[in-house]
Amino acid sequence: MDIRTPATAVALLLVLAVPIVPVATAADPLPRVQPEAVGLSSTRLARIGQVLNADIERGRLPGMVVAIARKGQLAYYESFGYLDRQAGTPMTKDAIFAIASMTKPMVGVGIMQLVEDTRIQMSDPVSRWFPSLGKLPVAAMKTDAAGQMILETVPARRPMTIQDLLRHTSGLTYGGRGATPVHKMFPASSGSAAAESTGKEFIERLSKVTLLYQPGSAWDYGFSLDVLGLVIEAETGRSLGSYLNERIWKPLGMVDTGFVVPPDKAKRYARALPKDPDTGAPQNFADRTRADKFECGGGCAVSTAADYVRFGQMLLNRGRLGGARILAGSTVDYMTSNQLDPSMQNYIEAADPTKAGFGFGLSMAVRTSSGGPGIMGYPGDFTWSGATGTDFWVSPKQQLVVVFMSAAPGPIRWHYRRLMNALVYQSIND
């Protein structure tokens with residue numbers, strides 16, 4: 001319903017005295033409401049479009065879809081710019097995006113469902129499913145007289161567990177995140193691993209690596225959630241996509257989320273600018289209209305802003321959306337609490353400078369203080385982002401769910417995470 005049209009405004013005036021229960025339309029992922037009804041300013045929300053349209057005009061951003069929900073209702077849902085700038089195709093709200101690492105929280109929820117089902121325990125060693133991963137040595141780097149790094153190894157002090165994988169304390173890393181001898185053993189990223197290897201081949205490759213850190217000693221970004229996706233497959237005997245569709249996507253009405261864009265939806269797939277707007281270097285990411293060799297839980301899903309805001313609202317609702325119960329409230333509380341203790345090294349800022357100062361729960365970063373990280377928010381906020389230009393965060397204190405999606409890979413994605421954070425929080429009236 002477009003409340004800005006004169007006819008609609010008159011109709012609303014005639015029924016002001018009658019309580020209205022907002023109902024989602026086919027195009028709205030949640031019940032729609034005027035921003036002021038949930039403590040947001042329409043005037044200040046309009047700054048989002050002003051800022052984004054100016055950047056789109058300058059060629060810094062192809063386009064974006066933004067969904068903002070507060071108190072369980074959709075207060076803002078708009079699209080800007082181009083689905084495909086080269087082709088001149090306008091952005092639509094139902095655009096499908098490669099969401100990269102925003103795949104991880106969905107896999108995390110899938111694992112926690114199996115914990116609730118008592119099929120998995122947090123303390124289970126990963127070797128229960130993949131014995132070869134229980135024998136990995138740990139790096140002990142040394143520097144020789146010429147300043148060259150020498151790789152020596154020591155045994156792992158304890159096994160890598162499900163909890164380690166969920167909170168990125170497994171010792172597994174991404175090859176593209178460093179130049180040490182250890183990094184060179186790993187594939188560059190989740191996407192490249194899935195393009196190059198089957199799930200079986202991927203585990204075989206990991207069985208030959210050295211862990212960068214002792215399990216449980218340091219937060220470091222890497223293949224942990226890819227392994228967990230394969231744990232789901234091994235435990236259930238089903239593909240990761242099939243499991244997530246039955247247990248999460250279908251119950252939540254996430255109709256456009258999956259691991260490949262089907263042919264009948266390919267025209268809705270968002271494309272990046274051909275060149276990075278800052279460096280001029282060619283830029284692209286995996287073509288998700290074609291299936292990979294395995295469905296990687298670390299970064300291979302596609303989704304829409306509409307689908308993901310429903311997922312975020314489920315988490316804010318402590319596991320429930322409408323009639324669908326995805327997780328118990330206590331499980332969501334556990335997932336979104338900081339799991340890193342002071343004895344652990346925390347390298348989250350190296351992975352994402354916009355998360356500086358954050359702790360980490362299970363598959364999502366968790367804010368532990370109001371100050372410090374360089375973006376606004378509150379203790380208890382939780383979030384994760386995608387390297388392709390997507391982001392979501394949930395603020396339980398503000399009863400807020402924010403999702404924005406763009407095809408904007410590269411360092412510019414950090415700019416838009418900071419920018420959207422400021423634009424959303426400045427719109428809160430109360």
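The values are calculated or read from the model by the stated rules, or taken from the named source; none is laboratory data. All values reported here derive from a predicted model rather than from experimental measurement. Backbone-built Cβ (ideal geometry, glycine too); neighbour counts: all protein chains shown. Areas reflect the complete protein model, heavy atoms only, side chains present, ligands, DNA and RNA absent. Shrake-Rupley method; radii C 1.70, N 1.55, O 1.52, S 1.80 Å.
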Answer in debye to the nearest 20: the dipole magnitude of the chain about its Cα centre, from +1 Lys/Arg and -1 Asp/Glu charges placed on Cβ, is 200
So, with points 7 Å from each Cα along the Cβ direction, the ASN284-THR43 label distance in nm works out to 4.7
Within the under-12-Å Cβ sphere about GLU233, not counting GLU233, Lys/Arg +1 and Asp/Glu -1 give a net charge of -1
Filtered hits (aspartates and glutamates, Cα-Cα < 20 Å from LYS135, offset >= 8 within chain) -> ASP124, GLU152, ASP164, GLU201, GLU204, ASP220, ASP226
For the pair GLN426 and THR92, the simple spin-label estimate (label points 7 Å beyond Cα toward Cβ) gives in nm 3.3
As a percent rounded to 5, the proportion of antiparallel DSSP bridges among beta bridges in the chain is 90
Most fluctuating of MET420, MET364, MET405 in the GNM of the chain (C-alpha, under 10 Å) is MET420
Over all pairs of different Cα atoms in segment 276-430, the reciprocal of the mean inverse distance gives a Kirkwood radius in Å of 16.8
Row for segment 181-324, column shape: gyration tensor on C-alpha, a ≥ b ≥ c, rounded if a/c < 1.5 i.e. under 1.5, prolate if a/b over b/c, else oblate; value oblate
Summed over the other residues with a beta carbon less than 15 angstrom from that of GLY319, with K and R at +1 and D and E at -1, the charge totals +2
Using a 1.4 Å probe on heavy atoms of the protein chains only, the accessible area for TYR174 in Å², nearest 10, reads 20
Projected area averaged over all directions for the convex hull of the alpha carbon atoms of segment 348-430, nm², comes out at 5.1
With all protein chains present, segment 335-430 has a carbon and sulfur share of its accessible area (1.4 Å probe) in percent of 55
Taking 0.36 nm per residue of separation between LYS208 and THR118 and subtracting their Cα-Cα distance, the length gained on full extension comes to 29.3 nm
Long-range share for segment 316-367, i.e. C-alpha pairs more than 13 Å apart as a percent of all pairs, stands at 62
If R0 = 56 Å, then SER330 and GLN148, at their Cβ-Cβ distance, give a FRET efficiency to the nearest 0.05 of 0.65
Residue-normalised 222 nm signal for the chain, counting each DSSP H run of n ≥ 4 as -39,500 (n - 2.57), nearest 500 deg cm²/dmol, is -7500 deg cm²/dmol
For the chain, dividing by residue count, accessible area per residue (probe 1.4 Å) in Å² works out to 41
Options [x] 80, 77, 40; [y] 64, 51, 45; [z] 78, 50, 46 are given for Cα extents along the principal axes in Å, and the computed one is [z]
Row for segment 195-257, column shape: gyration tensor on C-alpha, a ≥ b ≥ c, rounded if a/c < 1.5 i.e. under 1.5, prolate if a/b over b/c, else oblate; value prolate
Those trypsin sites (Lys or Arg not before Pro) from segment 97-154 that are DSSP loop and have at most 15 other Cβ neighbours within 10 Å turn out to be ARG119
Between SER132 and ALA27, Cβ-based FRET efficiency (R0 56 Å, step 0.05) works out to 0.70
Cβ-Cβ cut-off under 15 Å around VAL424, Lys and Arg +1, Asp and Glu -1: the net charge is +4
Expressed in angstrom and rounded, the centroid-to-centroid distance over alpha carbons for segment 65-116 and segment 288-303 is 15
Taking a straight Cα-to-Cα line shorter than 29 Å from LYS355, and setting aside same-chain lysines fewer than 8 residues away, one finds LYS71, LYS93, LYS104, LYS184, LYS275, LYS397
Using alpha-carbon positions, the gyration tensor of segment 42-127 gives root eigenvalues a ≥ b ≥ c; with a/c under 1.5 called rounded, otherwise prolate if a/b exceeds b/c, else oblate, the class is prolate
Of the candidates GLY371, TRP393, GLY359, the farthest towards the positive dipole end of segment 322-430 (Lys/Arg Cβ +1, Asp/Glu Cβ -1, centred on the Cα centre) is TRP393
Of segment 218-253, those with amide N under 15 Å from the point 7 Å along the Cα→Cβ vector of ASP341 are 218-219
Here the FRET efficiency for ASP264 versus ALA179, based on Cβ atoms and R0 = 51 Å and rounded to 0.05, is 0.75
Across PRO29, PRO282, PRO62, the residue with the highest GNM fluctuation in the chain (Cα network, 10 Å cutoff) is PRO282
Helix 305-316: inclination vs the chain longest Cα principal axis, degrees, rounded to 10, gives 70
With Cα springs under 10 Å, the Gaussian network model of the chain assigns the largest mean-square fluctuation among HIS183, HIS415, HIS168 to HIS415
